[in-house]
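Below: one structure, written as structure tokens.
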Amino acid sequence: MKQEPNTQPQVLIVGAGPAGLALAIELGQRDIPCLLIERNDRVGYAPRAKTTNVRTREHMRRWGIADALRAASPLGLDYPSNVVFCTRLNGPRLASIENAMYCAPGKNPLYSEHAQWIPQYSVEEVMRAHVQTLPSVELRFSCELALFEQADAGVVAQVKDLENGGSFEVACRYLVGADGARSTVRAAIGARLEGSYGLSRNYNVVFRAPGLAQAHRHGPAIMYWQINGDVPSLIGPMDSGDKWFFMPTQLREGQKLSAEDAPDLIRRATGLDALEVEVLSTDEWVASRLIADKYADRRVFLVGDACHLHPPFGGYGMNMGVADGVDLGWKIAAVLQGWGAPALLDSYEKERRPVHDMVMDEAVANHSVLGNQLWQEGLEDATEAGEQMRREVGMRIQVAKLREFNTLGVVLGYRYEGSPVIVPDGSEAPVFDFLNYIPSARPGALAPHAWLHDGSSLYDHFGQGFTLLASHDADAAGLTQAQEAARAAGIPLTVIQPQERVLKQLYGARYTLIRPDQHVAWRADTWPADGGALLKHITGQAG
């Protein structure tokens, strides 16, 4: 890492969490000079999210770091991603959901990368290591945004160096706030969070408990829901070294959970009275459904928790922030490289806000069914009536929690409907189903995935700019016309024509234009006579 700050990057990114790191990678892999600042002295302070979903893993495959993340898995890739529902760890099982979040390794025709159960701090470390290999990206820790001013040509920011007490000035074309729930950038542009605050107050405890994995009879799982009338809670392995997380789901009004109180609460919740507990950290947080009333002001943008907050049930939060960084990143790069118009940046909020709303609704629905809502008096009774009640509650769980742990329709099925840089083709929109993901090449949707006969993923052949996917029987003249139009417009275009015939059926057209973020921008059976107009439309240059 350089010793002197790069005071003239084209983009200043405030916050080196997953959203900021994703944005930096998108820009850095396109050779856009950017400066990423983080007020802490390293990445990955908080023991937060643990699910890196299939879509985020697909971005990591595109960035070339999916294998690095796979290698960083503390529990091992073959560790079963099951979710167990029980009264307590030493109590009877009520239900279980296998392969939650689609973490099982192996090839699935619907996606190129399986999900992964891995602490967010480990994910951030893999992303940080990659960022620091990109020559055009500078990452500086212990630096905090003080203030900034916008002008027609760019942004000038003052940054505090928290190590030496000094400050330095940064002149850039764009500034992005990836600085979390208490975003300084959001406040500076006058954006307000709107929605429902305080759906619940929660604590997350990270602790070490030697032998806990062997102390119960439910077998390995990524999460155990403990449904009882005493301490309803979630508990599960956090990392190697007997490190676990614990989250009570019902605290009395005004009750605080201190590091001193946590061991006894964990023993009561699990029913394991002799459990040795060493508390490593406690973190209080409030579950809310909040979204910013605007995501941008001229040359300043918001990504991740800076513009949306929701309950962490379903594993969407970190992954949505990464997707924000991807969407905004390729668009900023396109504008700075001259082949995208400023109007392309206007599509960022228009595309992402509806997705945020949809996903937040899913998270709130999941939050409405916690352990305390599933509890019934008598559930732990060692009687025939208690056994019957446990069977009935188990059936309720299988229905109610499917929406939280089997959600491929949410993870891969979101579409950029109504985007100004998508060309609709009049086809009928697929019915949204949180569980059943139906691939569709309708413009705005994620390009359908396929494994090619050489064992590679179709996605592996997409370019860093736009990709024109041609079916096996597409006219060569159309491909030539597309390449000439892209060359004339200065738009990076990769043309591919795999010979697998199934692709024509999967995509429903001979020609499909796919964006850098792998979403479909346009499709048809013939290349248009005015291909230049099409390319202008999808890069924000129309009108």
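Every number in this text was worked out from the coordinates using simple rules, so none of it is lab data. Everything numeric here is computed off the predicted structure, so don't read it as measured data. Backbone-built Cβ (ideal geometry, glycine too); neighbour counts: all protein chains shown.
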Measure nothing fancy, just the Cα-based angle from helix 18-28's long axis to the longest principal axis of the chain, in degrees from 0 to 90, nearest 10. 20 degrees
Percent antiparallel among DSSP beta bridges confined to the chain, nearest 5, equals 70 percent
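At most 16 other C-beta atoms within 10 Å and a DSSP loop state: those are the exposed trypsin sites (Lys or Arg not before Pro) I care about. Give me the longest piece of the chain that has none.
Numbers: sites that count: LYS2, ARG42, LYS107, ARG182, ARG192, ARG217, ARG252, LYS256, LYS294, ARG298, ARG501.
My reading of the result: 299-500 is the longest stretch.
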For the range 419-538, give me the percentage of DSSP beta bridges that are antiparallel, rounded to the nearest 5 percent. 70 percent
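Let's see if you can work this out: charge +1 on each Lys and Arg Cβ, -1 on each Asp and Glu Cβ, no other charges. What is the dipole magnitude of the range 144-280 about its Cα centre, in debye to the nearest 20?
Numbers: 13 positive and 18 negative charges, 92 e Å.
Result for the range 144-280 is approximately 440 debye, rounded to the nearest 20.
Which order results if TRP339, TRP225 are arranged by neighbouring Cβ count within 10 Å, fewest first?
By the 10 Å Cβ count, ascending: TRP339, TRP225.
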Rounded, prolate or oblate for the range 314-360? Axes are the square roots of the Cα gyration tensor eigenvalues, ordered a ≥ b ≥ c, and the cut-off for rounded is a/c under 1.5. oblate
How many angstrom lie between the Cα centre of the range 429-481 and the Cα centre of the range 220-280? 45 Å
The range 332-361 and the range 362-410: distance between their alpha carbon centers, rounded to Å: 38 Å
Determine the shape class of the range 419-538: with a ≥ b ≥ c the square roots of the Cα gyration tensor eigenvalues, call it rounded for a/c under 1.5, and otherwise prolate if a/b is greater than b/c, oblate otherwise. oblate
Measure nothing but the geometry: give the 0 to 90° angle between the long axis through the Cα atoms of 343-367 and the longest principal axis through the Cα atoms of the chain, rounded to 10°. 20 degrees
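Find out how many positive minus negative residues lie around VAL364, taking Lys and Arg as positive, Asp and Glu as negative, among other residues whose Cβ is under 13 Å from that of VAL364.
Working: positive: ARG289, ARG403; negative: ASP357, ASP361, GLU362, GLU404.
In short, -2.
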Can you tell me, using C-alpha contacts under 8 Å and at least 6 residues apart, the relative contact order of the range 419-538 as a whole percent? 34 percent
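Taking the Cα centre of the range 419-538 as origin, sum charge times position over the Cβ atoms of Lys and Arg (+1) and Asp and Glu (-1), and report the length of that vector in debye to the nearest 20. Display every interim value, and only then the final one.
Working: 8 positive and 12 negative charges, 35 e Å.
For the range 419-538, the charge dipole is close to 160 debye.
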Counted neighbours (other Cβ, 10 Å), sorted fewest up, put LEU234, LEU199 in the order LEU199, LEU234
Expressed as an acute angle from 0 to 90° and rounded to the nearest 10, what is the orientation of the C-alpha long axis of helix 476-489 relative to the principal long axis of the chain? 90 degrees
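Cut-off is 10 Å between beta-carbons; in what order do SER240, SER167, SER136 appear when sorted fewest neighbours first? Walk me through the numbers before you get to the answer.
Values: SER240 10, SER167 13, SER136 17.
In order of increasing Cβ crowding within 10 Å: SER240, SER167, SER136.
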Which residues in the range 510-543 place their backbone N less than 19 Å from a point set 7 Å from the Cα of ASP346 along the Cα-to-Cβ direction? 533-543
From the residues ALA341, ALA400, VAL369, which one has its Cα farthest along the dipole of the range 317-445 in the positive direction, the dipole being from +1 and -1 charges on Cβ of Lys/Arg and Asp/Glu about the Cα centre? ALA341
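Take the Cβ-Cβ distance between GLU260 and GLN505 as r, set R0 to 56 Å, and report the resulting FRET efficiency rounded to the nearest 0.05. Mind dumping the intermediate values first?
Working: r = 63 Å, r/R0 = 1.12.
According to the calculation, E is roughly 0.35.
Gain in length, ARG208 to VAL431, computed as 0.36 nm per residue apart minus the alpha-carbon separation, to one decimal in nm? Mind showing how you got there, number by number?
Details: separation 223, 0.36 × 223 = 80.28 nm, distance 4.51 nm.
Answer, rounded to one decimal: 75.8 nm.
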Which of the residue pairs LYS107/LYS536; LYS294/LYS504; LYS50/LYS401; LYS294/LYS331; LYS107/LYS243 have a Cα-Cα distance greater than 28 Å in the structure shown? LYS107/LYS536; LYS294/LYS504; LYS107/LYS243
So, in Å, what gap is there between the alpha-carbon centers of the range 144-183 and the range 36-100? 32 Å
Restricting to Cα pairs below 8 Å that are 6+ residues apart, what does the relative contact order work out to for the chain? Please round to a whole percent. 15 percent
Can you compute the helix-only [θ] at 222 nm over the chain? Use -39500 (n - 2.57) per DSSP H run of at least 4 residues, normalise by all residues, nearest 500 deg cm²/dmol. -8500 deg cm²/dmol
Which of these values of P(r) over Cα pairs in 20 Å bins from 0, in percent was calculated from the structure shown: (1) 22, 57, 20, 1; (2) 18, 44, 29, 8, 1, 0; (3) 21, 52, 24, 3? (3)
